[in-house]
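Worksheet: the structure to be examined is printed underneath.
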Amino acid sequence: MIEVIGLKKNYGRLEALKSISFKVDSGTVFGFIGRNGAGKTTTMNILTGLIRFNQGKIFIKGMDFLKHKYKLVKLMGYLPETPAFYNYMNAYQYLNFIGEIIGCNSGKSGSYTAKLLEMVKLKKQGKRRIGGYSKGMKQRLALAAAFMNKPEILFLDEPASALDPEGRVEMLELIKELKDEKITIFISTHILNDAERVCDKICIIDEGRILLTENLSQLYKTYIQPIFDIEFEQDPGDKINFLKKLGWIENIKQKDKMISLYVKDIDFARKEILKEISKLGAVISSYRIRKSTLEDIFIRMVSKNELV
Amino acid sequence: MNSFKAYFKKEILESVRTNKYLILFVGIVFWALLDPLMLKLMPLLLSNYLPADMSALFSDFTRDTAFQSFLKDLFQIGTIFIAFTLMGLISNEVYHKRLVFPYSRGAEPAGIVLAKYIHYALILSVFILIAFLTNYFYINHLFEGGIVSIVIVLKSSLLYIIYYCLLLSILLFFSSVFKRSLVSGITVLVLSYSLSIFNQFKSIRTYFPNYLLLEATDIRYIFDKSVIPIIIISFCIIIILVFFSILRMRKIDVA
């Protein structure tokens with residue numbers, strides 16, 4: 001559905017995207033995850049035709065994006081992270097305005113607008129001016145605008161960032177429903193739990209570079225890495241610093257009395273870990289081995305990139 | 001065509017909700033009413049403060065001088081209202097990222113620019129025509145003498161309409177170039193006032209837009225063929241600037 005090859009984008013001297021390439025299959029949910037400033041929004045803005053790029057090729061449905069931009073963007077819907085509206089309009093007027101741009105006839109667009117507002121739970125407030133909406137309400141209206149005319153590809157930039165917990169769950173449910181309707185969804189988020197729940201494929205971007213692109217199931221198989229969670233009776237403090245020098249330990253995360261050790265060799269770690277921990281002289285209250293989550297994989301990939 | 005229709009309706013709604021129509025109406029039509037009234041009342045207001053021979057100077061207005069005074073004030077003050085009201089036509093949309101949704105749903109830059117230009121060109125034309133007819137009505141009732149007729153008034157209004165349509169295209173173009181709307185507003189004002197200097201040079205003034213205003217104040221003729229070149233030049237400039245605005249909107253990063 002979407003193929004990006006060697007995409008580069010510079011803002012003056014800053015290289016926002018450093019030749020990124022990836023593929024998004026039709027009817028899948030593609031999770032684009034990365035830290036703030038990693039290049040997620042820039043990539044989305046390029047793919048939706050809002051900003052230009054310096055180098056590379058984009059193919060959507062096999063068509064060159066630059067040559068068929070106006071035809072292709074009509075197949076897309078985009079939910080920006082901070083949507084901007086005409087504040088003097090109400091939700092009905094705004095959606096009808098977008099509907100007219102797309103080319104929905106007014107009768108069809110009118111009833112469809114009401115349905116969309118019902119879907120995003122804004123029907124009651126539909127006749128209020130958008131200027132008086134909360135951030136979450138604007139986000140929901142933006143989703144309705146993005147979903148106008150049932151796009152084939154939906155770009156969602158941090159769709160749950162302004163929503164309350166209930167709204168976030170509803171958003172994830174909605175994405176799952178859209179997935180069932182075979183709509184291709186490109187979602188950028190840094191809420192990794194959300195990505196884990198809805199995405200088929202994950203792409204990690206950091207500092208304008210793609211660190212990995214993998215199917216979620218394959219990702220767990222490939223990047224599965226045991227983590228040793230060790231809880232002490234008292235905060236071990238700086239005592240754990242010497243563990244960082246051990247070659248078989250890749251990373252250490254500490255939270256109060258708990259430390260998580262990311263190891264390179266599971267078998268070696270099993271034999272050595274308790275010996276090394278005993279050198280701390282601290283009392284262990286619990287010890288367990290767990291499988292890595294998407295968050296663990298993300299942190300691992302990003303810290304590797306930092307070392308590079 | 002879809003984008004044109006959508007944006008034309010949006011511009012109407014926006015102008016109503018943000019009082020742009022009201023501001024432009026006051027800026028253009030208000031002077032048509034105020035100017036003759038002020039001229040009529042000025043001798044009465046000044047009679048107690050000026051010597052008799054001086055105040056006689058202010059009571060010597062005819063229909064012609066009252067009409068010319070209105071034209072001068074409309075240019076000097078009306079231009080400020082138009083420039084500052086419409087300076088953010090495009091730049092405000094880009095600056096506040098309001099084009100993100102329309103562009104991401106396939107809005108055509110040509111449709112957006114043309115809708116904005118045609119909408120405000122029509123509004124300015126209607127308001128200018130109303131202003132000229134209002135002024136004609138009042139000067140006929142308040143003053144005597146002079147040769148100004150309805151045909152002359154219509155000719156002058158037409159020349160003013162062409163001038164302000166040209167100014168609108170310059171405003172639209174600068175608004176697409178500069179990110180800050182105030183920059184385009186001030187640039188257009190400076191350009192508009194400074195071009196009047198060329199009216200002092202007889203050999204070249206017929207090729208500069210402010211000659212349209214000079215011709216509008218000339219009430220001796222209904223049609224003077226010296227105005228033809230600048231009318232043609234004005235239409236060419238309008239087409240070129242609208243075209244370049246569209247081109248700029250095609251290249252601009254809206255997010």
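The values are calculated or read from the model by the stated rules, or taken from the named source; none is laboratory data. Predicted model only: the values in this text are computed from it and were never measured. Heads up, the Cβs are rebuilt from the backbone with ideal geometry, glycines too, and the neighbour counts pull from every protein chain shown. Keep in mind that these areas ignore ligands, DNA and RNA; they rest on the heavy atoms of the full protein, side chains included. Shrake-Rupley method; radii C 1.70, N 1.55, O 1.52, S 1.80 Å.
Couple of notes before you dig in:
- Proximal aspartates and glutamates relative to B:LYS97, as straight alpha-carbon distance under 20 Å, when same-chain residues fewer than 8 apart are discounted: A:GLU81, A:GLU100, A:ASP157, A:GLU158, B:GLU11, B:GLU14, B:GLU108, B:ASP253
- Kirkwood hydrodynamic radius of segment B:2-251, from the reciprocal of the average inverse Cα-Cα distance over all distinct pairs: 19.4 Å.
- Rg over Rh, two decimals, segment B:196-242 (C-alpha only, Kirkwood Rh): 0.99
- Sites matching trypsin sites (Lys or Arg not before Pro) across segment A:255-295 that sit in DSSP coil, with at most 14 neighbouring C-beta atoms within 10 Å: A:LYS264, A:LYS279, A:LYS291
- For segment A:225-290, the alpha-carbon coordinates run over 28, 22, 19 Å along the three principal axes, in decreasing order.
- A:VAL263 long-range amide H proximity, modeled H, under 5 Å: A:PHE228, A:GLU250
- List of segment B:84-109 residues, accessible area with partners at least 40 Å² below that of the chain alone (1.4 Å probe): B:ARG98, B:VAL100, B:PHE101, B:SER104, B:ARG105, B:GLY106
- Estimated vicinal HN-Hα couplings, Hz - segment B:245-251 in sequence order (Karplus 6.51, -1.76, 1.60; Gly, Pro = x): 5, 5, 4, 5, 5, 6, 9
- Among the trypsin sites (Lys or Arg not before Pro) in segment A:105-213, those located in a DSSP loop and surrounded by at most 11 other Cβ atoms within 10 Å of their own Cβ are A:LYS124, A:LYS127, A:LYS182.
- Residues losing 50 Å² or more accessible surface upon assembly, segment A:58-102, compared with the chain by itself, 1.4 Å: A:TYR70, A:ALA84, A:TYR86, A:TYR88, A:PHE97, A:GLU100, A:ILE101
- Using distinct alpha-carbon pairs, which all enter the 1/r mean, Kirkwood radius of the protein assembly as shown in Å: 28.3
- The long axis of helix A:106-119 is offset from the longest Cα principal axis of chain A by roughly 30 degrees.
- Segment A:85-150 and segment A:5-33 have their alpha-carbon centroids 30 Å apart.
- Applying the Karplus relation 6.51 cos²θ - 1.76 cosθ + 1.60 with θ = phi - 60° to segment A:86-93 yields 3J(HN,Hα) values of 8, 5, 7, 8, 9, 4, 4, 4 Hz, where x marks Gly and Pro.
- Of A:LYS67/A:LYS182; A:LYS135/B:LYS9; A:LYS221/A:LYS257; B:LYS116/B:LYS179; A:LYS71/A:LYS115, those spanning more than 19 Å from alpha-carbon to alpha-carbon: A:LYS67/A:LYS182; A:LYS135/B:LYS9; A:LYS221/A:LYS257; A:LYS71/A:LYS115
- Based on protein heavy atoms only, segment A:33-80 ends up with 40 Å² per residue of surface accessible to a 1.4 Å probe.
- Rolling a 1.4 Å probe over the heavy atoms of the protein chains gives segment A:161-234 an accessible area of 45 Å² per residue.
- Candidates B:ASP224, B:ASP73, B:ASP64, ranked by Gaussian network fluctuation over chain B, Cα under 10 Å, top entry: B:ASP224
- Over the C-alpha trace of segment B:157-219, radius of gyration and Dmax come out as 12.8, 41 angstrom.
- The per residue volume of the convex hull around the alpha-carbon atoms of chain A is 160 Å³.
- Accessible carbon and sulfur surface of the protein assembly as shown relative to its total accessible area, %, 1.4 Å: 59
- Area buried, chain A against chain B - accessible surface, total, 1.4 angstrom probe, square angstrom: 2900
- Averaged over its residues, segment B:37-169 has an accessible area of 41 Å² per residue, based on protein heavy atoms and a 1.4 Å probe.
- For chain A, built as a Gaussian network whose Cα springs stay under 10 Å, the top-fluctuating residue of A:VAL198, A:VAL283, A:VAL169: A:VAL283
- Cleavage-rule hits (GluC sites (Glu not before Pro)) in segment A:220-294: DSSP loop, at most 12 neighbouring Cβ within 10 angstrom: A:GLU233
- Listed residues B:ILE150, B:ILE162, B:ILE231, most fluctuating in chain B (Gaussian network, C-alpha, under 10 Å): B:ILE150
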